[in-house]
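Student: Take a look at this one; I'll ask things after.
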Amino acid sequence: MISYSDLARKAVLTKPVYYPGKPIEMVALECGLDPDTILKLASNENPLGSSPLGLKAAGEALRGVSLYPENSAYFLRERLAEVRGVNPDQLVIGHGSSEIIHLLCSAFVEPGIDVVMGEHAFIAYKLAVLLQEGNCLEAPLVDFRHDLDAMRAAITPQTRLVFLPSPNNPTGTDNSESEIVEFARSLPDHVIFCLDEAYAEYLDDPPDLRPLIEEGLKIICTRTFSKIYGLAGLRIGYGYCHADLVDLLNRVRPAFNVNSVALAAALGALEDEAFVEMSKATNAAGLTLLSKGFAELGLEYVSSAGNFILVRFENSDKVYSYLHDRGIIVRPLKGYGLPNHLRITVGTENQNRSLLNALAEFFGK
Ligand SMILES: *Cc1c(COP(=O)(O)O)cnc(C)c1O
């Protein structure tokens, strides 16, 4: 008998599988723990929860869910355009910013096309490229940081896309605005540069590529409501770029890709400056506390500009299981080629202290 796999496209079978952070409900079930006592520091979510203004708008939008969403995201694009200083026709809205990555790959990648990225970059790029049967050209990082010269050198005549996350997940490292601008200017005209700004709101002064987009350089920047706005479960993000690129991405975008509750929540969250500020401050304090704690435990960690920290362990499997059995979920990174590291999301002060205490116990300190 012919199996389903026999009938599938080869890329579907050969593409690596994505393993997300383990959900709280699953760990509760496995360990017989109360879900309310479980600490999830595995997916870079906001430990303060969701933007209250976003939640309020989402609740009101629930009343309208018998109707299809407004497919062009008109109101969100109008408001985002004001907030971000671009034109509404320069915005494309996705089911999370990872959908924008997929849209880029479905529009520009096919067999024979190369896509350049960093070796330990956010893994969604690789998965999206391989699904379209393109080649990933991975430039090594230096000290866990993207090496833009190496990325520039990796570009071929067949390269259509280059992805740079800054800060990068899972390393937490970022590149400066001047480096990124110089890199963008150095790219050949046949390459589209995607700057992934998932953690931009955690930076004091995020790189601004809008003047370069205005000049006509082939650039798309992506942002998300999943991280600092605390709306990961609603799945909404966006890209801003030249209107011609928006038109192409809208051709491959599935109709009604973003639901009406998410659209409303994003509009509400955009106004929530107080929540963003509080989240940023909580994160900065948490980074300091955790970095100090890791150093005191004699652990090697990578200085982070995001809301998570990459930490090296002699035996990361054992540490992972030890924390897991105590209801603390962190992120293993074998899929990233970093088998000796765990990625730990910054929590609230209490959560960070619980994590450090559990680690101290593990090391018998
Ligand atoms: C979390 C993350 C995203 C955002 O994902 P969404 O699909 O918007 O939830 C994008 N890029 C990086 C580097 C991330 O870590």
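What follows is calculated from the coordinates using simple rules that are stated; it is not laboratory data. The structure presented is a predicted model; accordingly, all values stated were derived computationally and were not measured. Quick reminder, even Gly has a Cβ in these numbers, built from the backbone with ideal geometry, and neighbours come from all protein chains shown.
Student: Would you list Leu187, Leu290 from fewest to most Cβ contacts within 10 Å? Don't jump to the answer; show the numbers that get you there.
Tutor: Details: Leu187 19, Leu290 25.
By the 10 Å Cβ count, ascending: Leu187, Leu290.
Student: Modelling each spin label as a point 7 Å along the Cα-to-Cβ direction, I'd like the Lys334/Leu203 distance in nm, to one decimal.
Tutor: That separation, rounded to one decimal, is 3.3 nm.
Student: Same structure, new question: Length gain on complete extension for the stretch Glu361 to Tyr322, per 0.36 nm per residue less the alpha carbon to alpha carbon distance?
Tutor: So the chain would gain 13.1 nm between Glu361 and Tyr322.
Student: Still on this structure, please answer the following. Quote the FRET efficiency, to the nearest 0.05, computed for Glu215 versus Cys31 with a Förster distance R0 of 45 Å and r equal to the Cβ-Cβ distance.
Tutor: Details: r = 54 Å, r/R0 = 1.21.
After rounding, the FRET efficiency stands at 0.25.
Student: Got a sec to turn the phi values of the range 101-117 into Karplus ³J(HN,Hα) couplings, 6.51 cos²θ - 1.76 cosθ + 1.60 with θ = phi - 60°, whole Hz, x for Gly and Pro?
Tutor: Karplus values, whole Hz, x for Gly and Pro: 4, 5, 5, 4, 5, 6, 7, 10, 10, 8, x, x, 9, 9, 10, 9, 7.
Student: Pick from Asp204, Asp317, Asp174: which residue has the top mean-square fluctuation in a GNM of the chain where Cα pairs under 10 Å get a spring?
Tutor: Asp204
Student: Another question, if that's okay. Where nothing but the Cβ of Lys and Arg (+1) and of Asp and Glu (-1) is charged, how large is the charge dipole of the chain around its Cα centre, in debye to the nearest 20? Present the calculation step by step, with values, prior to reporting the outcome.
Tutor: Numbers: 32 positive and 46 negative charges, 179 e Å.
The dipole magnitude comes to about 860 debye.
Student: Oh, and also: Just want the answer: with Cβ charges of +1 for Lys and Arg and -1 for Asp and Glu, which residue in Leu289, Pro35, His190 is farthest toward the dipole's positive end in the chain?
Tutor: The Cα lying farthest towards the positive end belongs to Pro35.
Student: Applying 1/(1 + (r/R0)^6) with R0 = 41 Å to the Cβ-Cβ distance of Thr288 and Asn87, what FRET efficiency is obtained, to the nearest 0.05? Please list the in-between numbers first.
Tutor: Values: r = 39 Å, r/R0 = 0.96.
After rounding to 0.05, the efficiency reads 0.55.
Student: Here's another thing I want to ask about it. Please state the relative contact order of the range 223-307 as a whole percent: Cα pairs under 8 Å, 6+ residues apart? Walk me through the intermediate numbers first.
Tutor: Values: 43 pairs, mean separation 20.8, N = 85.
Relative CO of the range 223-307 lands at 24 percent.
Student: When DSSP assigns beta bridges and you keep just the ones with both residues in the range 52-269, what percent turn out antiparallel, to the nearest 5?
Tutor: Working: 9 of 26 bridges.
Given both bridge residues lie in the range 52-269, the antiparallel proportion sits at roughly 35 percent.
Student: Indicate the gyration tensor shape class of the range 52-269 (rounded, prolate or oblate), computed on the Cα atoms with a ≥ b ≥ c the square roots of the eigenvalues: a/c under 1.5 is rounded; otherwise a/b larger than b/c is prolate and the rest oblate. Write down the numbers at each step before the final one.
Tutor: Values: a/c = 1.81, a/b = 1.59, b/c = 1.14.
The shape class here is prolate.
Student: I've got another one for you. Any lysines with Cα under 23 Å of the Lys22 Cα? List them, leaving off those in the same chain fewer than 8 positions away.
Tutor: By straight Cα distance, Lys22 reaches Lys40, Lys126, Lys227, Lys318, Lys334.
Student: For a test of the definition: using alpha carbon positions, the gyration tensor, and the 1.5 limit on a/c, classify the chain as rounded, prolate or oblate. Mind showing how you got there, number by number?
Tutor: On the way: a/c = 1.42, a/b = 1.23, b/c = 1.15.
Note, shape of the chain comes out rounded.
Student: Residue-wise, which Karplus ³J(HN,Hα) couplings in Hz belong to the range 284-301, taking 6.51 cos²θ - 1.76 cosθ + 1.60, θ = phi - 60°, and x for glycine or proline?
Tutor: So the J values, rounded to whole Hz, are 4, 5, x, 4, 5, 4, 5, 4, 4, x, 5, 4, 5, 7, x, 8, 8, 9.
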